[in-house]
Each structure stands twice: as structure tokens, then as C-alpha cells.
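Everything on this sheet refers to the single structure shown next.
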Amino acid sequence: MVDDCNNGFLALDPEMRRLRDALETVAPTPLPVLILGETGTGKEVVAEWIAGMSRHTRDRFVKVNCASLSESLVESELFGHERGAFTGAVAPREGLFEAAHEGTLFLDEVGELSPRTQAKLLRTLEYGEIVRVGSTRPRRVDVRVIAATHRDLEQMVRDGDFRQDLYFRLNAVTLRIPPLRARITEILPLAELFAARLARRLERPAPRLGPEATAALLAHTWPGNIRELRHVIERAVVMSKGGPILASHLMLEAPRAHALASHLMLEAPRAHAEVAGIRGDVRSFERDRIVAALDQTRQNQTRAAELLGVSRRTLTNKLNAYGIARPRKKVALEEC
């Protein structure tokens, strides 16, 4: 999922297509949205996409990472303060809710808010008003709130660390973004997109991904998700100096990825065993990567075999073994 592809999405994975369909349904409404997903999966991009598609709040999008706000400043940042409310408050200041009036406020990492701030946030959501620090006068605000977190809010509610009533207010609609390792068909298209984007900025031709680099990308588990992939690819573009991106340019630390890159999965039983530790199922892993290669090459079997580092005959045998329909003609991927 990236911000300049298909209105915010590179939706090749079925789960991501379902997520996009859900977004298209909920975006035009004023309902609060709770976005769940691991760090780096693109929660902010989803929030921006929702705000941009909203019929009511598309003109103003204010965002804040709650984890970056200190306990002493969080209420002032969100709700504003009056002059003299605390040391250093030499002038009145509007908070982010007022700044987002008639727009969207994105509260990233909402699970980091303290109980006191949670209570004030709940009041704002229930009554549509804020009270600045140091004031008793409520101010009306019309704000659509989109919240996000990588934490398990339901467990936090059970543990008493997050207010249940606030949780219910925030999750009128809940959207879950799957991690990158669960949507491998998007790894190579995203890598090419990030590479092409940086190459344009560097005024270079878009670099080609070498076979070993391709294998390493597909084998890596991506704990940092899309954010990690972008950083890895951008670094590789610089290191490649305008040439093809090799596995060495990726500088991935996972030894299993490099082992796989050196003698690819289709003809290396030992690599299979290593990958099993990542995916849990060797056959599923191998089949997924064949499908990914076909998707990446627009169903061109010759190019897919080259990407996988095997002969076309081996690829054909694998297609038959896994019951993958052999493409008769090129099928275009969903265009960005």
C-alpha cells in the first residue's frame, strides 16, 4: 500500500482488495474509524485515503502520533490551552481538535494515551466539544476522528489500561491491515515502485531487480513491513549506482534470505527447510512465490522462470504439481 498508486493502494492481494472495498464503503460517511495493524503497514496512508474520500471532511487532515507526546503536553496539544494555564503558556493556543474543525483528526498510536487523556477524548467524542487547559468554557468542534494502533486494544480493555467506553466510541468501524509477510504478491511490485520513485528523484533509469535480490526480498519476513521494504529498496537503489539491484545491495540481515537467494527455493530442499521456519509450510511457501513471480511478470512463464532462477520446464512441472492454471496469454496486473 503506497500513497501514489491506485488512489492509495497496490491491491494485488485478495485481503487488500477486500480492505479497499471496505474503505470505499466507509470513507464517505462521518463514522469514526479504528485502524489496526503492525508498525509500518501503512495505517497513516489508509487514514489519509479515508479523509480524502470523505464527503464531509476532505479539505482538512490533521495528524498526531500520540506516542510522541509527553504526558505533560498531550492535553495541551490535543485540546489547546489558555494564557497562564501552565508555566510557559504566554498566549492562548488552539489544540489539534480545533485545528481539525470540519475536517479529520488522525490519532496514531491511540493506545499510548493516559487514562486522564482518554477521559477527555471520550467527552469530546460524545459531546462534540473540547475544553482548553486552563479554561472551563467548552468549545464546539466538528471533527471526524480516525484512530490507529499496533496494540491489542481489546486486551488493554481487559487489563484495565484502556477505557471500554472509549474503545466502543472509536471502533464504529474497525479496519485491519495485514502485515506484508501475509501478502507476498505485493512485495515485488512495491519494491519496483519504491525503486522507480527514488530513481526518478535521482534522475536515473529505474533499476532492475536481479534474480537473487528477488529471491531475498521474497524470503525476508519483513518485521518492519512496508516501511522497512521502502528503506531497504531506497538504500539498494543508491548502492547499485544505476545498475541492477543485487542481493548484496539489499543488506538484509536475515541469513535465511541470503541462503535462499543463492540457490532458490524450487530446486533446493535445504532452502525449503529454512523457509518452512518462516512460513510454516514449505509447499505453501513455494506455491506462493510461483504465483508472485507470475503476477510480477504479467503471467509470462519465461520471465517468471528467470525471476525464480529455474528453467521453464521446472516451472511448468511445478505449475502442474500445484494445480496452478498455466496462463495462455498475458494478463495485465491491476495498474497503478
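Below are the figures for this structure:
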read-out	value
Flag for Leu34 being surrounded by 19 or more Cβ atoms within 10 Å (Cβ to Cβ) and part of a helix (DSSP H, G or I)	no
Failed item, numbered, when Arg158 is tested on (1) farther than 29 Å from Gly52 by Cα; (2) in contact with an Asp or Glu (Cβ under 7 Å, 6 or more places away or on another chain)	(2)
Matching entry among Ala199, Ala247, Ala219 (being among the aliphatic types (A, V, I, L, M) and closer than 19 Å to Leu12 by Cα)	Ala219
Thr124 being buried (at least 19 other Cβ atoms within 10 Å of the Cβ), outside any helix (DSSP H, G or I) and in contact (Cβ under 8 Å) with a residue 24 or more places away in the chain	no
Residue selected from the stretch 145-193 under the condition open to solvent by 20 Å² or more (accessible area, probe 1.4 Å), farther than 30 Å from Arg289 by Cβ and among the polar types (S, T, N, Q), by the criterion nearest to the chain's Cα centre (by Cα)	Thr174
Lone unmet requirement of (1) in contact with a Gly (Cβ under 6 Å, 6 or more places away or on another chain); (2) surrounded by fewer than 19 Cβ atoms within 10 Å (Cβ to Cβ); (3) not in a loop (DSSP other than H, G, I, E, B) for Ala199	(1)
Hits in the stretch 304-329 - residues which are modelled with pLDDT under 75, part of a loop (DSSP other than H, G, I, E, B) and surrounded by 12 or more Cβ atoms within 10 Å (Cβ to Cβ)	Gly309, Val310, Ser311, Pro327
Qualifying residue in the stretch 56-70 (condition: aliphatic (A, V, I, L, M) and modelled with pLDDT under 90)	yes
Pairs where the first residue, in the stretch 169-193, is of a type in the set (S, T, N, Q) and the second is open to solvent by 60 Å² or more (accessible area, probe 1.4 Å), C-beta under 8 Å, 6+ apart	none
Considering residues of the stretch 37-76 that are of a type in the set (Lys, Arg) and either closer than 23 Å to His231 by Cα or out of contact with any Ser or Thr (no Cβ under 9 Å at 6 or more places or on another chain) (or both) only, the residue surrounded by the fewest Cβ atoms within 10 Å (Cβ to Cβ)	Lys63
Residue match in the stretch 100-112 (condition: β-branched (Val, Ile, Thr) and touching a residue at least 40 places away in the same chain (Cβ under 8 Å))	yes
Criterion violated by Ala119 - all others in (1) open to solvent by 20 Å² or more (accessible area, probe 1.4 Å); (2) assigned to a loop (DSSP other than H, G, I, E, B); (3) of a type in the set (A, V, I, L, M, F, W, C) satisfied	(2)
Residues of the stretch 211-251 satisfying the condition of being surrounded by 21 or more Cβ atoms within 10 Å (Cβ to Cβ), at negative phi and not in a helix (DSSP H, G or I)	His220, Ile245
Answer residue from the stretch 53-87, given it is out of contact with any Phe, Trp or Tyr (no Cβ under 8 Å at 6 or more places or on another chain) and assigned to a helix (DSSP H, G or I) and is farthest from Lys43 (Cα to Cα) among those	Glu75
Residue under evaluation His101, criteria (1) open to solvent by 40 Å² or more (accessible area, probe 1.4 Å); (2) in a strand (DSSP E or B), criterion not met	(2)
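The values are calculated or read from the model by the stated rules, or taken from the named source; none is laboratory data. All of these numbers come straight from a predicted model, not from anything done at the bench. Glycine also receives a Cβ, built like all others from the backbone with ideal geometry; neighbour counts cover every protein chain displayed. Just so you know, the surface numbers come from the protein's heavy atoms only, side chains and all, with ligands and any DNA or RNA stripped out. Shrake-Rupley method; radii C 1.70, N 1.55, O 1.52, S 1.80 Å.
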